[in-house]
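This is the structure, below, for whatever I ask next.
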Amino acid sequence: MPEVMDTADKLSSYLFRNAAGDDNPPNAIEVRDQAAQLGRQLVDAMQTAQVTGDRLGQLVRNLFECLELGKEGAEISLRAGENPNSLQRPI
């Protein structure tokens, strides 16, 4: 479980440092891609530690939707434990 917490902390710190302003920074695509990579690593760590669940999956999907990677978020959220029949899932 330490890997899950470490990766979540890295993602949180990264987003905090790079999302301080209202406008997208000039390197917005790089920031998005790095945040998505950390999100993928987080889901990998969650699966390894067997720390998954419906709410966690929804949070992962929401993260990827905020990064404008909704399709990937809908897929990876299932690995994070989101209920495939959840009413919150995109149609």
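Take segment 4-55 and flag every residue that is part of a loop (DSSP other than H, G, I, E, B) and either of a type in the set (S, T, N, Q) or modelled with pLDDT of 95 or more (or both).
We begin by selecting, within segment 4-55, every residue part of a loop (DSSP other than H, G, I, E, B); these are 19-27, 50-53.
Across segment 4-55, the qualifying residues are N24, N27, Q50, V51, T52, G53.
Yes or no, residue by residue, for (1) in contact (Cβ under 8 Å) with a residue 60 or more places away in the chain; (2) in contact with a strand residue (DSSP E or B) (Cβ under 7 Å, 6 or more places away or on another chain); (3) among the polar types (S, T, N, Q); (4) surrounded by 15 or more Cβ atoms within 10 Å (Cβ to Cβ):
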| residue | (1), (2), (3), (4) |
| --- | --- |
| S12 | no, no, yes, no |
| E30 | no, no, no, no |
| L38 | no, no, no, yes |
| E65 | no, no, no, yes |
| K71 | no, no, no, no |
| I91 | no, no, no, no |
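Next question. Of everything in segment 75-89, what is crowded, with 16+ Cβ neighbours inside 10 Å and either hydroxyl-bearing (S, T, Y) or not in a loop (DSSP other than H, G, I, E, B) (or both)? Give them in sequence order.
Here is the first cut: in segment 75-89, the ones crowded, with 16+ Cβ neighbours inside 10 Å are 76-78, 80-82.
Result: I76, S77, L78.
Give the number of residues within segment 75-88 that are touching an Asp or Glu at 6+ places or on another chain (Cβ under 7 Å) and of a type in the set (D, E, K, R).
Step one: list which residues in segment 75-88 are touching an Asp or Glu at 6+ places or on another chain (Cβ under 7 Å), which gives 81-83, 86.
Keeping just the survivors that are of a type in the set (D, E, K, R) gives 82.
Residues flagged as touching an Asp or Glu at 6+ places or on another chain (Cβ under 7 Å) and of a type in the set (D, E, K, R) within segment 75-88 amount to 1.
The values are calculated or read from the model by the stated rules, or taken from the named source; none is laboratory data. Treat the numbers as computed from the prediction; the structure is a model and nothing was measured. Ideal geometry is used to build each Cβ from the backbone, glycine not excepted, and the neighbour counts take in all protein chains shown.
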